[in-house]
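Working notes, beginning with the structure itself.
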Amino acid sequence: MTKKDFNELEALLKSKPKNIIITTHVNPDGDAIGSSLGLYHVLKKAGHNALVIVPNNYPDFLKWLPGNDTVLIYESDEDICQDHFETADIIFCLDYNGLSRIDKLETPVAKSKALKVMIDHHPEPEDFVDYTYSYTKASSTAELIYQFIEECDLINHLDADSAPALYTGIMTDTGSFRFPSTSALTHRITANLIDAGANNSEIHNNIYDTSSPNRMKLLGISLDTMQVLTDYNTAYIALSDEQLKNNGFKKGDTEGFVNYCLAIEGIVFAAFFRQDNDRIKISFRSKGDFSVNKFSRNHFNGGGHTNAAGGIAYGSLKETLDKFVSLLPEYKKELTK
Ligand code: 5GP
Ligand code: MN
């Protein structure tokens, strides 16, 4: 964002009150909800009428966050959401950089005459907003929200409501501060969030230590059936509809499972496949410079970051796995260098 643009936006956020809608991507994760609720509290405390609208529901382990009860889910409350879009002055687009990432929210966001502000860290942002605050090197959108509110002179509104949300976003997107995107600045911002009221130990507990026994059973099956293809430094896990149903699968239960593939020495490419009725939801992860963003864009209708991406396949689980395995020889050089 250029300085001139930024000054205009900063002035707008200082003239109040504005009707502000904060949106984020479909199947919201910790960074999506954390950055949205973090910004929400800061804008509310600065005097604005702020509101978070998400395309669809999100996992229960994110629902303890302050302000969770105010979040509107477009899929369940379309009419109410529509009314808010009619009167919005500003729309924030957080943790996504293309309209196809917001599912049914695409039409109201695209049609709205409100000023649109993207704050995001994914590569190759699309041009559908008025202001782009996009830094692909940032660990998370939550880290960018912290910098944004600091630059907009709103940091004095950071408190025990917003700090836990931003901490959650940073913690979940950095794999608890271990991915290479975690910088010294990430830690400095995180320290400031703890000072502002984020209880790090409690947040870790709320996110990672609230699993159901069923989730643990699914993890057991996943580890037991993991396929390791040493010729390609690749490992993958696949869960069928039946395995999911038999173990009472709930949204979010399989979050993080893909990372267990990367825990094996030498593995640089990991995939997790989950059957979801007529489609297969896929998570890709990598270590080093093998781009799962490109791999997913090229073969599985998705995208994301270099080391973390999602995708989707239409067809049976077997067909999808066969396709995945058959693609690996093409990438052998990159995967084994
Ligand atoms: P996950 O595997 O956790 O669903 O997603 C990993 C990363 O890839 C996240 O940053 C997420 O926003 C992004 N991502 C997931 N699915 C898609 C997709 O279908 N398209 C694009 N462009 N990005 C995705
Ligand atoms: Mn993110």
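The values are calculated or read from the model by the stated rules, or taken from the named source; none is laboratory data. A quick note: this is a predicted structure, and the numbers were derived from the prediction, not measured. Don't worry about glycine lacking a Cβ; one is built from the backbone with ideal geometry, like all the others, and counts go over all protein chains shown. We work out accessible area using only protein heavy atoms, side chains counted, and drop any ligands, DNA or RNA first. Shrake-Rupley method; radii C 1.70, N 1.55, O 1.52, S 1.80 Å.
Length, then width, then depth: along the principal axes, the Cα atoms of the range 229-270 run 34, 16, 10 Å.
Taking 28 Å as the limit for the C-alpha separation, the pairs Lys16/Lys116; Lys116/Lys287; Lys104/Lys217 exceed it in the case of Lys116/Lys287; Lys104/Lys217.
Add +1 for every Lys or Arg and -1 for every Asp or Glu among the other residues with Cβ under 11 Å from the Cβ of Thr87, and state the total. Result for the local shell: -1.
Within the full protein context, the accessible area of Arg101 is estimated at about 100 Å² for a probe radius of 1.4 Å. Given the options Pro59, Tyr74, Gly303, identify the residue whose Cα lies farthest towards the positive end of the charge dipole of the chain (+1 on Cβ of Lys, Arg; -1 on Cβ of Asp, Glu). Result: Gly303, furthest along the dipole toward the positive end. Here the range 73-190 is treated as a Stokes sphere of Kirkwood radius computed over C-alpha pairs; at 25 °C and 0.890 mPa s its diffusion coefficient rounds to 159 µm²/s.
Evaluated at 10 °C with a viscosity of 1.306 mPa s, what Stokes-Einstein diffusion coefficient in µm²/s does the range 1-153 have when Rh comes from the Kirkwood expression over alpha-carbon pairs?
Values: Rh = 15.2 Å.
The calculation lands on 104 µm²/s.
Could you work out the helix-only [θ] at 222 nm for the chain, with each DSSP H run of four or more residues adding -39,500 (n - 2.57) and the total divided by the number of residues, to the nearest 500 deg cm²/dmol?
Theoretical 222 nm ellipticity from helices: -11500 deg cm²/dmol.
Evaluate Rg over Rh across the chain, taking Cα atoms for both radii and Kirkwood's formula for Rh. Reported Rg/Rh (Cα atoms, Kirkwood Rh): 0.97. Taking Ile194, Ile33 and ordering them by how much accessible surface each has at a 1.4 Å probe, largest first, produces Ile194, Ile33. Using only the C-alpha atoms, the convex hull of the range 109-248 corresponds to 191 Å³ per residue.
Across q = 0.10, 0.12, 0.23, 0.26 Å⁻¹, the range 1-87 modelled as identical point scatterers on its alpha-carbon atoms has Debye log10 I(q)/I(0) values of -0.27, -0.39, -1.15, -1.29, in the order of the q list. Residues Lys63, Lys333 ordered from highest to lowest accessible area at a 1.4 Å probe: Lys333, Lys63.
Solvent-accessible surface of protein heavy atoms, probed at 1.4 angstrom with all chains present, puts Ser35, Ser326, Ser15 in the order Ser326, Ser15, Ser35, largest first.
Over 23 Å between Cα atoms, which of Lys245/Lys323; Lys294/Lys332; Lys18/Lys63 qualify?
From the list (Lys245/Lys323; Lys294/Lys332; Lys18/Lys63), the Cα-Cα distance tops 23 Å for Lys245/Lys323; Lys18/Lys63.
Rounded to the nearest 20, the Cβ-based charge dipole of the chain about its Cα centre (Lys and Arg +1, Asp and Glu -1) stands at 620 debye. Each Lys or Arg adds one and each Asp or Glu subtracts one; over the other residues with Cβ under 10 Å from the Cβ of Leu99, this totals -2.
Taking the Cβ of His121 as the centre, find all other residues whose Cβ is under 11 Å away and add up their charges (Lys, Arg: +1; Asp, Glu: -1).
-4
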